[in-house]
1. Could you compute the net charge surrounding residue 56? Neighbours are other residues with a C-beta less than 14 Å from the C-beta of residue 56; K and R count +1, D and E count -1.
2. Between residue 107 and residue 148, what is 0.36 nm times their sequence separation minus the Cα-Cα distance? Round to one decimal in nm.
3. Using +1 at the Cβ of each Lys and Arg and -1 at the Cβ of each Asp and Glu in segment 38-185, identify which of 154, 53, 72 lies farthest towards the dipole's positive end.
4. Going 7 Å from the Cα of residue 177 in the Cα-to-Cβ direction, what parts of segment 133-169 have a backbone nitrogen less than 11 Å from that spot?
5. List the lysines whose alpha-carbon lies under 26 Å from that of residue 142, not counting same-chain residues fewer than 8 positions away?
6. Kindly put 135, 49 in sequence by how many other C-beta atoms sit within 10 Å of each C-beta, fewest to most.
7. Starting from the Cα gyration tensor of segment 38-185, take the square roots of the eigenvalues, sort them a ≥ b ≥ c, and report rounded, prolate or oblate (rounded when a/c is under 1.5, otherwise prolate if a/b is larger than b/c, else oblate).
8. Do you know the relative contact order of segment 35-184, to the nearest whole percent, from alpha carbon pairs under 8 angstrom that are 6+ apart?
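What follows is calculated from the coordinates using simple rules that are stated; it is not laboratory data. Just so it is clear, the structure is predicted and the values come from calculations on it, not from any experiment. Using ideal geometry, Cβ is built from the backbone for each residue, glycine included, and neighbour counts are taken over all protein chains shown.
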Amino acid sequence: MSRTPPSGLRRPARFALLVCVGLAGAAGCLSPGADVPYVQTPSDVVTEMLRLAGVNANDVVYDLGSGDGRIVIAAARDFGARGVGIEIDPGLVAYSTELARKAGVGDRVTFRSDDLLEANLSDATVVTLYLSYDMNQRLRPKLLRELRPGSRIVSHDYDMGPDWLPNQTIQVTWRDRKSNVFLWVVPPKS
């Protein structure tokens with residue numbers, strides 16, 4: 001599968017984005033209208049996120065801010081699930097769609113150019129996130145409102161705040177780094 005992103009996101013741009021995030025913080029690197037920079041989830045972390053959520057062939061996995069589509073593609077290819085990627089950048093939507101086709105899962109995944117705060121999530125049984133602490137806080141009421149009880153939410157590196165503790169947390173080592181992966185199960189509606 002090709003790993004070359006759309007022309008606007010080739011390695012120098014990603015490197016510059018990572019340097020910018022490291023030096024100025026994420027807010028200094030965002031383009032107008034964007035809330036979270038494009039940073040890829042490492043493959044090892046993707047696999048552990050899907051394992052932690054217990055993804056299987058009965059699941060519909062939504063990835064909010066799906067970037068190059070790697071999470072929903074892995075969910076379909078490696079776990080037999082169906083997947084939906086929500087991504088605001090139409091170029092990344094087209095790129096993800098092509099990667100899914102090349103991976104042989106184009107019939108089980110879709111990518112939509114949409115604002116993740118506006119997208120309907122009610123079909124999801126699993127939602128994956130690699131956004132930011134602030135974005136997770138903004139999404140939390142929507143997730144609790146739209147997802148059915150028992151649905152799982154998995155986030156790479158960012159939790160949902162001190163008043164909604166995860167059901168489980170694991171640490172994933174990739175290259176020379178460590179990432180936290182958090183799992184929440186949507187509680188019964190009160």
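1. +3
2. 12.3 nm
3. 53
4. Taking a point 7 Å out along Cα→Cβ of residue 177, the residues of segment 133-169 whose backbone N falls under 11 Å are 157.
5. The qualifying lysines are 189.
6. With the sparsest Cβ surroundings first, the list reads 135, 49.
7. Taking the square roots of the gyration eigenvalues as a ≥ b ≥ c, segment 38-185 is rounded.
8. Contact order relative to length: 23 percent.
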